[in-house]
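To start, the structure itself, in structure tokens.
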Amino acid sequence: MEDKSKRNAIRANYTEKFISQMRKESDRGSIIVAVSLLDDILNQLLKAKLAPSLDSRDELFDTATAPFSTFSAKIDLAYRLGLLRAEARASFHQLRKIRNNFAHALDPKGFDSDSTKSRVSELLKLNKGIIDSMKSTFINSGKMDIPEDSNIRDKLDDRLILELVFSGSAAFMLAEIHDIDSIEALV
């Protein structure tokens, strides 16, 4: 039980740090920073799982032509190695698509675009458990005035939903990274 409490405290600390960091950013900056951090965390997670590279630069991740240099490839590899659940995989791909909407548009529409709203709605469906858990935490802490029976979609804006999903996912992965059983290279 103590181990579970300790992990929850670590996750809560990471979550708070991530949300605090994202709140400092513009809408565009928040999603770009969030996906960049998730990309880095997935990199760490995958490197913890795989047998170590024999080179100083990891040939699978650290070069422009590396097979797992993209966020998309890392998401799929992490899922195939059993490091992500199907819902997390789908959520990360939604976050990646939202990031692309923001990063590649000359004049991004932000969280008001139909495409982003649709993807955030999908994130909410995929992460209902995380959002409900955080809703309970907010209610119990008195930090947010949300009636227990209210529809969370009506109370939270799209950016906050995105921040909660990102922060919860990132915090969970970081809290678990040191407990991953790595693959041993054949000798």
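The values are calculated or read from the model by the stated rules, or taken from the named source; none is laboratory data. Since this is a predicted model, take the numbers as computed values, not measurements. Heads up, the Cβs are rebuilt from the backbone with ideal geometry, glycines too, and the neighbour counts pull from every protein chain shown. Heavy atoms of the whole protein, side chains included, go into the accessibility calculation; ligands, DNA and RNA do not. Shrake-Rupley method; radii C 1.70, N 1.55, O 1.52, S 1.80 Å.
Using just its DSSP H runs of length 4 or more, each adding -39500 (n - 2.57), the chain gives a mean residue ellipticity at 222 nm of -21500 deg cm²/dmol after division by all residues.
In percent, rounded to a whole number, the relative contact order of the chain is 35, using alpha-carbon pairs under 8 Å and six or more apart. Put Asp55, Asp62, Asp181 in order of accessible area, highest first, and with a 1.4 Å probe you get Asp181, Asp55, Asp62. Each label was represented as a point 7 Å from its Cα along the Cα-to-Cβ direction; for Lys125 and Glu184 these points are 4.5 nm apart. Kirkwood hydrodynamic radius of the chain, from the reciprocal of the average inverse Cα-Cα distance over all distinct pairs: 17.7 Å. The residues Thr70, Thr116, sorted by heavy-atom accessible surface at 1.4 Å with ligands and nucleic acids left out, run Thr70, Thr116 from largest to smallest. Shown for the chain: the carbon plus sulfur share of the solvent-accessible area, taken with all protein chains present and a 1.4 angstrom probe, equals 50%. 3J(HN,Hα) along segment 169-180, derived from phi through the Karplus expression 6.51 cos²θ - 1.76 cosθ + 1.60 where θ = phi - 60°, amounts to 5, 5, 4, 4, 5, 5, 5, 9, 4, 7, 9, 7 Hz, with x in place of Gly and Pro. Inter-label distance, Lys24 to Asp157: 2.0 nm, where each label sits 7 Å from its Cα along the C-beta direction. Pairs spanning more than 23 Å between alpha-carbon atoms, out of Lys74/Lys155; Lys49/Lys125; Lys4/Lys117; Lys117/Lys155: Lys74/Lys155; Lys49/Lys125; Lys4/Lys117.
Taking label positions 7 Å along the Cα-Cβ direction at both Leu54 and Arg85, the computed distance is 3.9 nm, reported to one decimal.
Entry note, segment 13-118: relative contact order of 26 percent, from Cα contacts under 8 Å with a spacing of 6+ residues. In plain terms, the chain is cut at each of the GluC sites (Glu not before Pro) found in a DSSP loop with at most 12 other Cβ atoms within 10 Å, and the longest leftover piece is 1-147. Annotation for segment 27-127: trypsin sites (Lys or Arg not before Pro) lying in DSSP loop with at most 15 further Cβ atoms inside 10 Å of their Cβ are Arg57, Arg85, Lys109.
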